[in-house]
Each structure stands twice: as C-alpha cells, then as structure tokens.
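Heads up: the structure comes next, in structure tokens.
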Amino acid sequence: MTASISLSHSFFCPCPRGMEAALAEELDEIAQLGTSNGGKLKVHNQVPGGVHCSGTLEDAMRMNLHSRIASRVLMRMAHSRYVNENDIYDRTLEQPWEDWFGIHHTIRIDVTAIKSPLRSLEFTTLKIKDGICDRFRDLCGKRPSVDTRTPDMRIVGFLDANNFTLYLDTSGEALFKRGWRLDTGDAPLRENLAAGLLRVAGWKPGIPLFDPMCGSGTILAEAAQIVAGIPPGLHREFAFEKFNEVDQTAWQTIKGSIKLNPLPTEPTIFGSDISGDMVSMTRSNLNKAGIHFDVPLKQIEAQEVKAPTTTPGILLTNPPYGERIGVRGDKSLTDDDLAKEFFSDFSATLKQRFAGWSVFLFTADLGVPKMLRLKESRKTPFFNGALECRLFRFDMVAGFNRREQAKPKDVTGH
C-alpha cells in the first residue's frame, strides 16, 4: 500500500455550485506548493458542483490542508458503465478496499445521482455496502461495521444516466468544518462559501475589508486566516490519516512546511453587527481560529456605519433578513416593509460614506438592487446549499451621492 503514495490517482473536489472556477484557480495555487517536493497535482475539467484533478496521495494531503473552497477531496476507485444494481455490486466487489482500510474501520456510504434510471438510491447504497463487506468477508471472514454518524471511512457513489463512479473520501468530515467554529447565528454562511466569495470579490491581504452585518464572523475569520497564513485544515483531522500504512512522515513534512505570515501591525479587516451577541460570537470564533491580531468589531446598525479606513476597500456581507433586520426595528412593520426601509437607509449610507469602495452583497433575495435603488455592475449566481443566491457587486464611485441627487427620477422612482 505504501507504494501507492507516489502513484497518480484521479480526484474530484466538490464545492458550492458556482464556485468551480474559483476552486480550479485555488487548486492551481496548491499545485505550486508541491512542485518542489515532487507533487504531481494537475487540475482538469470543471463540472457543475466541482473540479476534477489528478495527483499523488501527498497532493490529496495538500488539498485537504490548504483548500478553502473544496467541500471534500474524493479519490476515484472505479468508473464504468452500468445497467442495473448488480453491475454496481460487481464493480464494488472488485476494488482493493483492503489496500486502504481494514475490518476495524467503520464505514458509511453516500450515493448521489443525476438522471439515473435506477429506482432506489437506498437499494443502490445497500449494494455498494454489500460489495465492500463481501470483499472483506471473502478475504478474512469478517466485515467492517457501518457507522452513519462518525465513520472512519466514507465511500461515495455517483451515478448519471449511463456511468457509475465510486470514490473513497480522503477528507472525512466536510472541509468547511474547519474546527474553529464555536457558535453560529441563524443560517450561517459555510466557511468554504465565505472563502470563495472573498476570492470572487477580488479581495487579497492588504486590501481593507469590512463586513457590516458580520453575524458569527465567518467572512472575517476566513479573511483573517488568509492574512495570517493559517491553512484552513490546520486544526482538524482527515480520513486519510487512518488509511492503512499511510506515510505519516510525508504528512508531517507537509504540515511542517507551513510558513505563517508576519502579523499585521495595522488593522485591515473590520466587522460590525446590530447584535451584541453576534459581535461576542465573532470575537470568540476569531480567537478559536487562531487570530492573534486586531480585528476591530463594533455593535452598530448597518445603516449607521462609516468607512473604517480612509483608503477605499471591499465591503462584503451576507445581509440578514426578517427578524435579524428587525432586532431594533419597528415591530408594527411587516418583514417586507422592514427590508425596504432597511435597504433604503443602507443605500444612503453606502452612497454618502463609501465612495470608491466595491460593495458585494451575497443574498438569496434577488430584489435587493431594486430596494437599494442601485444598479449592480455584476451579479454572479451561486448556491448556498440548495438555495439559489446572487453575489451583487456595486461600485461606489466618488461623487455618487451628488450625482444621484441631481439626476431626474424616472416614473418608477428610480
């Protein structure tokens, strides 16, 4: 098994829908980390929901440690055509699972499908489980146990209309679970989605960043770890660490090659929220994420904020809606009216106080530009889980407010 450490494998890295190009760019950067150490990571095609690549098991270690956008790193075990569940069972039975794990490891099987003719994914899942267990039973008279909650090994099946692909998950827990999040607000932004939004927005360390509705601080924590040079996987474990005869020396060398950045002396990352509890939660999460430099936080309504730096930067936020907008709002107003009033006031703040800033709002509410009375310069579709969202970009040009007031309104009031 140790020999396969240096063999090339095919991998698939799933990610939030819409983040495929950002992930491919990130994986290219991770490939550069391995070039001086014999890495062979090659990034191949993007498909909806992920990126195909190939490389060694050491490359998989690097991807798990360094990727902020991937949800998992899946290693391909088999790929073939199928007609029915028996084809899937036979193909599963043929795979050398014993090279990777043993009967003492617990397993879990997950299956997803697009346009598959098979009627029951549950039955297909069962056939994959039977194939793995029968392989071990044939070899040594015993079989691994199933653990759906905290398995040692996750096996992933994917079916389209004609083909079946079987993967062994090298990650374990999903990669967006960084190991630092203490608490979350309502419907928190996943960490890998926040990291992807930072990349798509064009933010880089040194550019001022402000989140005026920071919630539990996910965007701020991701940005702060990038500034510090802390890999997202530094404080967690991975499934590949439990693989049979895994090269622990190679893994320790990869971890040992991490070079943290010097801590900034001047703050460039800023946050605020209407809720004092959220501000406290953000502070706790930053601390747990290993951030030991100043990230100024304020409890203030988003409509009242001012630009935190004289140098224009990037404002990136995931605006709340409904009750969170109304924490200090007028209880007699409906959610819709509250939202309209909030975004109207927030728009005035952006125009008056954020000249020169690039403003990015990530939201599932496609009516936000209309409520802001601003024309977006770009809108990019993404999915937050199953929820279709947009990242709206607004460029707050200098003199915006004076021109806006002088401009005659059309019949719709815009």
Which value, in debye to the nearest 20, describes the size of the charge dipole of region 42-165 about its Cα centre when Lys and Arg Cβ atoms bear +1, Asp and Glu Cβ atoms bear -1, and nothing else is charged? 340 debye
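Quote the FRET efficiency, to the nearest 0.05, computed for THR265 versus THR311 with a Förster distance R0 of 22 Å and r equal to the Cβ-Cβ distance.
Numbers: r = 15 Å, r/R0 = 0.70.
It comes to 0.90.
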Rg [Å, one decimal], Dmax [Å, integer] - the chain, C-alpha atoms: 24.1, 83
How far is it, in nm, from the label point at GLN248 to the one at LYS340 when both lie 7 Å from their Cα along the line to the Cβ? 6.5 nm
Using the Kirkwood radius over Cα pairs of region 332-378, the Stokes-Einstein translational diffusion coefficient at 20 °C and 1.002 mPa s, in µm²/s and rounded to a whole number, is 186 µm²/s
Could I get the Rg over Rh figure for region 64-219? Both from C-alpha atoms, Rh via Kirkwood, rounded to two places. 1.08
Grab the DSSP H runs of the chain that are 4 residues or longer, score each as -39,500 (n - 2.57), total them, divide by all residues and round the 222 nm result to the nearest 500 deg cm²/dmol. -9500 deg cm²/dmol
Sparse-neighbourhood loop hits (trypsin sites (Lys or Arg not before Pro), region 144-218; DSSP loop; Cβ within 10 Å at most 12 others) -> ARG149
Place +1 on the Cβ of every Lys and Arg and -1 on the Cβ of every Asp and Glu in the chain, take the dipole about the Cα centre, and give the residue among LEU159, LEU126, ILE230 whose Cα lies farthest towards its positive end. ILE230
Roughly how many nanometres apart are two label points built 7 Å out from the Cα toward the Cβ at ASN84 and PHE383? 3.1 nm
Across the alpha-carbon set of region 278-320, Rg over Rh with Rh taken as the Kirkwood radius works out to 0.97
Accessible area per residue, 1.4 Å probe, Å², for region 10-61: what's the number? 40 Å²
So, with a 1.4 angstrom probe, what is the percent of accessible area on the chain that is carbon and sulfur? 49 percent
Using a cut-off of 27 Å between alpha-carbon atoms, which lysines can reach LYS127, once sequence neighbours fewer than 8 places away in the same chain are excluded? LYS115, LYS142, LYS242
Through the Karplus equation 6.51 cos²θ - 1.76 cosθ + 1.60, θ set to phi - 60°, convert the phi angles of region 385-393 into ³J(HN,Hα) values in whole Hz; use x for Gly and Pro. x, 8, 8, 6, 10, 10, 9, 8, 10
Karplus 3J(HN,Hα) series, Hz, for region 240-253 with 6.51 cos²θ - 1.76 cosθ + 1.60 (x for Gly, Pro): 4, 5, 9, 4, 4, 6, 4, 6, 5, 5, 4, 5, 5, 5
Going 7 Å from the Cα of PHE123 along its beta-carbon direction, which residues of region 153-169 have the amide nitrogen within less than 19 Å of the resulting point? 157-165
Relative contact order, percent, of the chain when contacts are C-alpha pairs under 8 Å separated by at least 6 residues? 14 percent
Report, in debye and to the nearest 20, how large the dipole of region 160-299 comes out about its Cα centre when Lys and Arg carry +1 and Asp and Glu carry -1 on their Cβ. 300 debye
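The values are calculated or read from the model by the stated rules, or taken from the named source; none is laboratory data. The model shown is predicted, which means the values in this text are computed figures rather than measured ones. Note that each Cβ is placed from the backbone with ideal geometry, even for glycine, and that neighbours are counted across all protein chains shown. Just so you know, the surface numbers come from the protein's heavy atoms only, side chains and all, with ligands and any DNA or RNA stripped out. Shrake-Rupley method; radii C 1.70, N 1.55, O 1.52, S 1.80 Å.
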